[in-house]
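The values are calculated or read from the model by the stated rules, or taken from the named source; none is laboratory data. The structure displayed is predicted, hence computed values, not measured ones. Positions of Cβ are generated from backbone atoms using ideal geometry, with glycine treated the same way; all protein chains shown enter the neighbour counts. SASA here: full protein model, heavy atoms, side chains in, ligands and nucleic acids out. Shrake-Rupley method; radii C 1.70, N 1.55, O 1.52, S 1.80 Å.
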Amino acid sequence: MLSDDQIKATILLKLHKRGNWGASHTAFDNLQKGFKDADLGKHGKKRIEAVARDLVREGWIILKPTGYGLQVALNPRENQAIIEFMRPFFPEV
């Protein structure tokens, strides 16, 4: 089972690879895609949502409400902190 920090790093890496910094955003629901149920435990989807909300509170993810749903992007002002957090989990970043 993945730890919360591993889930955070995976979410951040997914947004980083997609180039979702600042004005480039993706749907909040897309953050849940790509995780295996076995890696998340009993309440997997809720756990991902809670971890994503923590990233918003930390200021690493920006929320953008739109007419077609809630969108998210990485905060470009926190670029260095985000990359330093991901590096132990994904050294290729």
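Treating r as the C-beta distance of ARG87 and ASP29 and R0 as 35 Å, the FRET efficiency rounds to 0.80. The residue list THR26, GLY59, ALA81 was ranked by how far each Cα lies along the charge dipole of the chain toward its positive end, using unit charges on Cβ atoms, and THR26 comes out on top. Which label belongs to the value computed from this structure, given these candidates for semi-axes √(5λ) of the Cα gyration tensor in Å: [x] 19, 17, 11; [y] 59, 26, 12; [z] 18, 14, 13? After the calculation, the listed value that fits is [x].
For SER3, the accessible area of its heavy atoms, probed at 1.4 Å with every protein chain present, is near 50 square angstrom. Here the spin labels are modelled as points 7 Å beyond Cα on the Cα-Cβ line, and at SER3 and LEU70 they lie 2.6 nm apart.
What is the count of Lys pairs in the chain whose alpha carbons sit under 18 Å apart, if the two are 8 or more places apart or on different chains? Close lysine pairs under the 18 Å cut-off: 16.
With both labels modelled 7 Å from their Cα along Cα-to-Cβ, the ASP39 to ARG57 distance reads 2.4 nm.
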